[in-house]
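Rule-based calculations on the coordinates, nothing more; no lab input. These figures come from a predicted structure and were not determined experimentally. Neighbour counts run over all protein chains shown; Cβ positions are idealised from the backbone, glycine included.
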Amino acid sequence: MTTLDRPPARRRRRRRPVAGLPFLLILPCVAVLIAVAGWPLYKIIMLSLQKQESGKYALFHSRGTTPFVGLKNFGDVLTDSTFWTILERTVIFTAVNVVLSLLIGMGIALLLNRVSQWARIILVAVLLFAWAIPSTVSTQVFYWLFSNQYGVVNYVLDALPGVHMRGHDWFADPHQGLAVVTAVVVWGAIPLLAISLHAGITQVPRDTLEAARVDGAGPWQAFRSVTLPFLRPLIVILTTLSVIWDFGVFNQIWFVRNGHPEPGYQTLGIYMYSQGVGSSHYNLGATVGVLMMICLLFVMIFYIRQLFRIGDAE
Amino acid sequence: MTVTVEPRVKAAASTDSPPTVRRRTRGRRRYATGGWNALAMVLAAVIGFPIYWMLITAFKRSSDITTLTPQFWPKHPTWRGFSEVIHDPIFLQDMRNSAVITVAAVLISIIIGFFGAMAIARFRFLGRKVFIFAVLIVQMIPLLALTIPMSLLLDSVHLKNSLPGIILAYLMFTMPYTVWTLRTFIANVPRELDEAALVDGCSRWQTFYKIILPLVAPGLIATGVYGWILAWNEFALANTLLLTNDKQTLMIYLLIFQSSPVHGADWSGLMAASTLTALPVVVLFVLFQSRISVGLTAGAVKG
Amino acid sequence: MRRSLVAVGVLATAVAMTVSACSSSKSKNKDTGGASKPGGSGGGNSLLSTNGAGKTINVWLQSDAQKGWPDVVSQATQRFEQLTGAKVNVQWQQWANYTGKLDSTFAGSSGIPDVVELGNTQTASYIAGGAFADLSSAKSEFENSATWLKGLADSGTSPDGKLQAIPYYAGSRVVIYRKDLWTKAGVTSVPTTLDELFSDLDKVKAANKKDPNFSPFYMAGKNWYAAMSFVYGAGGSIATQDGGQWKGGLSSPEAQQGLQQWQRLATDYSVGGATKDEADQDAIMSQGHVAAIVGNGWELGSVIDPKTGNPALKSKLATFPLPGTAAGKYTPSFLGGSDLAVPDKSSNKGLGAEWIKIFTDTTSQTALAKFAIPNTTSLLNVYEAQAQANKSTGEAAKDTWFVPNTPNWANVESNNILQNALESIATKKSSVTDAAKSADDQIAKTLNASS
């Protein structure tokens, strides 16, 4: 009976639903996107166009005045030289962190590919553990390690012949301090990067590699001409993710300065928080948030184009 | 407790890895391996040191934590931190909350994300690009800017201070990533397989279920684990949206060890609690270790 | 955040003797506000309510009480439940990101607590935001309201004199020092002037000069509570208001003198703290290479607590009020503390106010006086009788200073204006004059901002 019924049923399913099916499939996603992302995003944009009069009053009372001021908030932020200093610092910080994370991640991935099984298991286990630690906690631990009087890093460095690091304050100079932050950020990022890239490398077709070797390519050339192009889509995705994370970095800086980041430690994430939540100037916070997204979009334009190319190719 | 982790990591990892390993070891120049192994161990030591420091701090007496000559091994080991945390009913309650929130957010985002990914990988339809773009954009919204809008949103639908509310909020960052990753994954399942299945008389639903789902399983696991970490370790939204002690998560629990105006910080308690907080994630990793690495990339590489 | 968000507080004190310039204008209004402004939100005599059968109120207290004086909370709650028939749900809060949580809660309409605790320097911006119910008409129903610590009471009073937050507890800062180390260095009596303090510290420094990590007086570079004490002690102030406009006060000659005294402590007698705040000074002191700190009275407990410090120092610590420029005059202390308020959007305002009333009455505050400075001068003797340290803090609480009581003050704190300026002094990156000038500009800009 069922066999008899099936052919028409199948035809019906194949043809009719196809027109509506994709919409049906994305419906839950779209609902979620609109509800928990679209609406808040709309709210942020609205906030960035308004001005709360009289402090928090407007926030707490629906009858408070929140007149639209157009792009005034953006004008205020963009004409403040602080913003540009912070933007520049954030861009450099992001670039350094993304490049370092990817280079080290790739290095470890290649290494994982070369070592004995036991060594790989140990290294992967350590990476997985590191991945699981919340950044608040890892930052606290790094803060101890780099503490001036009581830190392990100074203690160990000082023990080296000819090095005098006792009592060295890593946080007095924001450049050094941000280097410590970079260490925390990179430390937190490499597990995902190394493990992903390693898995990617294991999938590089062996015959292509062999062919390259037969053609006389050294390890570096083989890496460049075979492995790297093969991994390119993955690297693009990982770079994108890293850029998004590092551009908005907050916890690592906030906790390494114990909640009091000096001007030299201000990145856009910190700036947005202290302008918005910290000072209850939610309009300015939202403005900085919107600007952050615009900056990210600029950076991502290359990626978005690639994304659509992939999309078209499918 | 933590002592048992290491062997389990190894055990799980070793049962999972042999096939890949054997394949890869073939034909490698053996003599260099010793050097690479040594380098790997140095790296493991360097990367693992902060974790080691977290663990031994959890076992230290407070006067042994910040000493001029660092104690690389606790001189007066104590279980106080761990036993206080384990016997704290609030910790257990918060662990439960974190688990409920995380599992729900991850499961829901995998299910609906899978459908969404299916749509963009297998169909061309009006608004497809807009949808892809939206998914990407959402990942760029800074979470910290969201606390007030998200709070107002949940407030207006009476979901503030409720687990369903925060689960919904977490979908904002767990779901887009899922869609994004699974898209490439599904795209890699040859269309011919669907066709063949259809010819075989499978319904579309069965095609999903019997052909595509098993093939993208590693992707589901990998994105699930990734989402798990994000949700498990999220702080800002949880702290804003969950108001009462019986609803709060482990990340908020960790705050009670910080210094306050009236108390110094209880560092060994904090590190013990942090270790116990990270433990479920580590266990999860161990369980899915091999799938994670395959899953994180298989789709992306071929896409 | 944490310690600073909080805390800070206010001032004043005790005996209501000295009032700092900025809060004096407010105090004048306060009395009239309490008595003659029946308007307010609740209105009339029905403000407090004991009719709570079947109801539950939510109380947000900082976990300081959970760790420090949970019994005080539970006995008050018990009495409240007996009296009203309502249930009390105490929700322990953390200072981290607390204002973010309050803001988002008060902006909505659900989950509003019926009682909240706030740090004193936080209250002003919430009062200006209309977040709290006006309790003016019920003021006399709160026990000891006539003898409330003036600084605490002022911080809970709006500029137009409405009582919106009730004093909860306070703490004042004193010198916590290592008696054994001082004695060994030949210092046997407590200094009574700053000059004496410095010469004593010279002795302690000389006696320990072999230890490169030794701080005769550890002073974190961001410890603005301490630094501003010297400013006020020398007759200066953080900011002054003139014709409605605020002006930073750190460049005044008096403030400069105070900052220089502080700088001497931070650079000549302190090692390793230049870029830190005061949050971990107890832990650092517990390591044994610090002979003195300036901190809240209860920090002595942190230094010797087995969870946070080193119990071995138990018998070696003592306290004295930070001396001033002349004998018999202290360097005024910054009096930290908390207030309790009833959110305006609470659905059980009367019960919330009733709970506060019970939690701040003589019975509760007498019990609380074992742990912190109670909210009323009438119980200071109970507090001072507890321990030697309390004697000094009680003493120090009699001469205190307060931050400018204006809604925008919280932003001076959250923008770290004072911390940044002080750190640049402590690290010698800029001179006292330059740092003060730049801080003054930012303070004026922040306090005069329109929102």
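In this simple spin-label model, placing a label point 7 Å from the Cα along the Cα-to-Cβ direction at both B:VAL130 and A:ILE34 gives a separation of 1.1 nm.
Cα extents for the stretch A:192-245 along the principal axes, largest to smallest and rounded to whole angstrom: 41, 16, 14.
If you bin all the Cα-Cα distances of the stretch C:88-140 at 10 Å, starting from zero, the percentages per bin are 18, 57, 23, 2.
Normalised by 2.2 N^0.38 Å, with N the number of residues, the alpha-carbon radius of gyration of the stretch C:327-451 equals 1.42.
Full extension of the chain between B:ALA217 and B:PHE72 gives 47.9 nm of extra length, using 0.36 nm per residue less the Cα-Cα distance. Rg then Dmax, both in Å and based on the Cα atoms of chain A: 25.5, 89. Measuring max minus min along each principal axis, the C-alpha atoms of the stretch B:214-260 give extents of 51, 19, 15 Å (largest first). Across the stretch C:51-126, Cα-Cα distances exceeding 22 Å account for 30% of all pairs. Per residue, the convex hull around the alpha carbon atoms of chain C comes to 127 Å³.
From the cross-link list C:LYS247/C:LYS428; C:LYS391/C:LYS429; C:LYS329/C:LYS437, which pairs have alpha carbons spaced over 32 Å apart? Table pairs above 32 Å Cα-Cα are C:LYS391/C:LYS429. Phi angles of the stretch C:349-357 translate, via the Karplus equation with coefficients 6.51, -1.76, 1.60 and θ = phi - 60°, into HN-Hα couplings of 4, x, 5, x, 5, 5, 5, 4, 4 Hz per residue; Gly and Pro are given as x. Simple rule: put +1 on each Lys or Arg Cβ and -1 on each Asp or Glu Cβ in the stretch C:182-340, find the dipole, and look at C:GLY324, C:THR308, C:PRO212; the Cα lying farthest toward the positive end is C:PRO212. All Cα-Cα separations within the stretch C:287-367 were binned at 10 Å from zero, giving a P(r) of 13, 27, 25, 22, 12, 1, each value a whole percent of the pairs. The Cα-based radius of gyration of the protein assembly as shown, divided by its Kirkwood radius, gives an Rg/Rh of 0.99.
For C:GLU81 and C:ASN381, a Förster radius of 35 Å and the Cβ-Cβ distance give a FRET efficiency of 0.70, rounded to the nearest 0.05. The distance between label points at C:ALA327 and A:GLN117 comes to 8.4 nm (points 7 Å beyond Cα on the Cα→Cβ vector). For the stretch C:111-163, compute Rh as the Kirkwood radius over C-alpha pairs and then the Stokes-Einstein diffusion coefficient at 20 °C and 1.002 mPa s; write the answer in µm²/s, rounded to an integer. Value of D from the Cα-based Kirkwood radius: 181 µm²/s. Using the alpha-carbon positions of the stretch C:227-334, Rg (one decimal) and Dmax (whole number) come out as 16.4, 55 Å.
Taking 12 Å as the cut-off, the amide N atoms of the stretch B:145-163 that come nearer than this to a point 7 Å along the Cα-to-beta-carbon line of C:SER109 belong to B:155-158.
When the convex hull of its Cα atoms is viewed from all sides, chain B shows a mean projected area of 21.6 nm². Once both labels are positioned 7 Å from their Cα atoms along Cα-to-Cβ, the gap between B:SER83 and C:THR267 label points is 5.0 nm. Note on the stretch B:80-170: Rg/Rh from Cα positions, Kirkwood definition for Rh, rounded to two decimals, is 1.12. If R0 equals 56 Å, the separation of the Cβ atoms of B:PHE123 and A:LEU71 corresponds to a calculated FRET efficiency of about 0.90. Helices in chain C, meaning DSSP H runs of at least 4 residues, each add -39500 (n - 2.57). Divided by all residues, the mean residue ellipticity at 222 nm is -12000 deg cm²/dmol. For the stretch B:175-235, the share of alpha carbon pairs falling in successive 5 Å distance bins from zero is 4, 18, 23, 19, 14, 10, 6, 4, 2, 1 percent. For the residue pairs A:LYS43/C:LYS345; B:LYS60/C:LYS205; B:LYS247/C:LYS55; C:LYS276/C:LYS398; C:LYS203/C:LYS314, the C-alpha atoms sit more than 25 angstrom apart in B:LYS60/C:LYS205; C:LYS276/C:LYS398. Of all lysines in the structure, those lying under 22 Å Cα to Cα from C:LYS210, and not within fewer than 8 positions of it along the same chain, are C:LYS179, C:LYS184, C:LYS316. As a proxy for reagent exposure, ranking A:CYS295, A:CYS29 by other Cβ atoms within 10 Å from fewest up yields A:CYS295, A:CYS29.
Computed per residue of chain A from DSSP H runs no shorter than four, each worth -39500 (n - 2.57), the mean residue ellipticity at 222 nm is -23500 deg cm²/dmol.
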